[in-house]
1. Of everything in the stretch 275-295 that's in a loop (DSSP other than H, G, I, E, B) and under 16 Å from the mean Cα position of the chain (by Cα), which residue is farthest from residue 248 (Cα to Cα)?
2. Within the stretch 140-148, does at least one residue satisfy the condition of being among the hydrophobic types (A, V, I, L, M, F, W, C) and free of Cβ contacts under 8 Å to residues at least 40 places away in the same chain?
3. Among (1) under 24 Å from residue 260 (Cβ atoms); (2) more than 10 Å from the ligand (Cβ to nearest atom), where does residue 194 come up short?
4. Can you tell me which of 125, 112 is within 27 Å of residue 246 (Cα to Cα), surrounded by 14 or more Cβ atoms within 10 Å (Cβ to Cβ) and either modelled with pLDDT of 95 or more or out of contact with any helix residue (DSSP H, G or I) (no Cβ under 6 Å at 6 or more places or on another chain) (or both)?
5. Return the only residue of 240, 297, 291 being of a type outside the set (S, T, N, Q), within 30 Å of residue 119 (Cβ to Cβ) and in contact with a Ser or Thr (Cβ under 6 Å, 6 or more places away or on another chain).
6. Restricting attention to the stretch 189-199, does a residue exist that is under 19 Å from residue 153 (Cα atoms) and surrounded by fewer than 17 Cβ atoms within 10 Å (Cβ to Cβ)?
7. Looking only at the stretch 234-246, how many residues end up being more than 10 Å from the ligand (Cβ to nearest atom) and surrounded by fewer than 24 Cβ atoms within 10 Å (Cβ to Cβ)?
8. Would you mind stating whether residue 199 is more than 13 Å from the ligand (Cβ to nearest atom), modelled with pLDDT of 95 or more and within 21 Å of the chain's Cα centre (by Cα)?
Amino acid sequence: MNEARPTTVRLQKLSWAFTQSAVLFAAIEADFFSAVSSHGKSIEAIAEALSITEQNTQRMIVALLTLDLIERDGEGFRNAPDVERFLVTEKPSYAGKWVHWFHHQWNAWGELGQRLQSDGPEATLGFYNEGFTVAHARRYHEATASVGRGAARKFLREVDLTGRRKLLDLGGGSGAYSIEAAKRYPELTAVVLDLPEVVVISREFIAENDVSGQVTAEPCDFTADDFPSGADVILMNSNLPQYSGEIIQLVVQKAFDALAPGGEMHICGEMVNEDWDGPLIPAMCTIHGALFNSTALPHTPSDCIGYFEQAGFQDVKVREFIPDILQHITGRKPDKA
Ligand SMILES: C[S@@+](CC[C@H](N)C(=O)[O-])C[C@H]1O[C@@H](n2cnc3c(N)ncnc32)[C@H](O)[C@@H]1O
């Protein structure tokens, strides 16, 4: 009855939301959080450590306090716990390259309105089609590896691969999951399958991690090429939102056909919930189709269960993997398919 009269406040805040990303990107570029960590006792000390003016330091401090990225600490400042762990450069847990990664899409998002008008033919590989060079793939996977290795270790704490012999890692990128799996299971071999520009980088990561005896990387477009046979585990992580349901169904079917009887498939991917009203990152990922002319469409847990069951998988289950970002779906190929 007495419904509050709508105001423009929420809309104005949303229209300013891009400035939050800008502040975060700028702070990472300036290494602001490392300065707060080591020189947080005053604005003057932070400014001196960063060689930026006290005025600009003060401006950033106000924005970062407002975004809860830093906190007051007596007369000075300290980083919020997640910032201290992941955005201070010298920490082994540094993930700034990933948190900063989407800065390169700044101009594309600024053109979203124009790009929505496009009705050109969709390209299966979307943004992997154009200008995707080895140098770009190296920057991309230095970024993905900074979070992927931690995610892979979490995955392996939660999924027992004891007794498994051969893993295929579709779109394996830096090889994070294969490398961590090889370290944990000395009897396991793994093949990272990825686009040709990426495989060059996967091989660098494999060599750096001393797992060349167990992990290899081969060029493959998983939407089009055949998969090697004999695997008893297939992963496809962080690839869902780039593709339509039709293409994911095809890939899941190819994986099912390639798996040994009794084998298992896992997809950790960005799924939107059943009502399509979130979470934020999977929802925004679905816009990629308009931004990069790909086939991207939203996938819900029910959609994904459908892809697996239609392919012939049993014991299909979905659970949360990385809260609000990645859901994990798994299924098992029957012993006698
Ligand atoms: C977001 S990264 C994820 C990398 C890795 N799975 C992880 O979770 O750390 C997606 C990867 O999938 C690869 N990819 C996307 N489409 C592909 C396709 N059609 N065939 C092979 N690889 C593909 C990309 O090149 C990229 O390396």
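The values are calculated or read from the model by the stated rules, or taken from the named source; none is laboratory data. Keep in mind that what you see is a predicted model, and the values were worked out from it rather than measured. Every residue, glycine among them, receives a Cβ derived from its backbone with ideal geometry; neighbour counts consider all protein chains shown. Side chains included, ligands, DNA and RNA excluded: accessible areas come from the protein's heavy atoms. Shrake-Rupley method; radii C 1.70, N 1.55, O 1.52, S 1.80 Å.
1. First pass over the stretch 275-295, keeping only residues in a loop (DSSP other than H, G, I, E, B): 275-279, 286-287, 293-295.
Now drop any that are not under 16 Å from the mean Cα position of the chain (by Cα), which leaves 279, 286-287.
Details: 279: 20, 286: 14, 287: 17 Å.
Among residues in the stretch 275-295 that are in a loop (DSSP other than H, G, I, E, B) and under 16 Å from the mean Cα position of the chain (by Cα), the one farthest from residue 248 (Cα to Cα) is 279.
2. Of the residues in the stretch 140-148, the ones among the hydrophobic types (A, V, I, L, M, F, W, C) are 143, 145, 147.
Checking the rest, the ones that are also free of Cβ contacts under 8 Å to residues at least 40 places away in the same chain come to none.
Scanning the stretch 140-148 turns up no residue that is among the hydrophobic types (A, V, I, L, M, F, W, C) and free of Cβ contacts under 8 Å to residues at least 40 places away in the same chain.
3. Looking at each condition in turn, residue 194 falls short on (2).
4. On the way: 112 fails: surrounded by 14 or more Cβ atoms within 10 Å (Cβ to Cβ).
Just a single option satisfies the conditions, and that option is 125.
5. Working: 240 fails: in contact with a Ser or Thr (Cβ under 6 Å, 6 or more places away or on another chain); 291 fails: in contact with a Ser or Thr (Cβ under 6 Å, 6 or more places away or on another chain).
Answer to the selection: 297.
6. Residues of the stretch 189-199 that are under 19 Å from residue 153 (Cα atoms), as a first pass: 189-192.
Remaining after also requiring surrounded by fewer than 17 Cβ atoms within 10 Å (Cβ to Cβ): none.
Checking the stretch 189-199: not a single residue is under 19 Å from residue 153 (Cα atoms) and surrounded by fewer than 17 Cβ atoms within 10 Å (Cβ to Cβ).
7. Going through the stretch 234-246 one residue at a time, the tally reaches 3.
8. Details: more than 13 Å from the ligand (Cβ to nearest atom): no; modelled with pLDDT of 95 or more: yes; within 21 Å of the chain's Cα centre (by Cα): yes.
Against the criterion (more than 13 Å from the ligand (Cβ to nearest atom), modelled with pLDDT of 95 or more and within 21 Å of the chain's Cα centre (by Cα)), residue 199 does not qualify.
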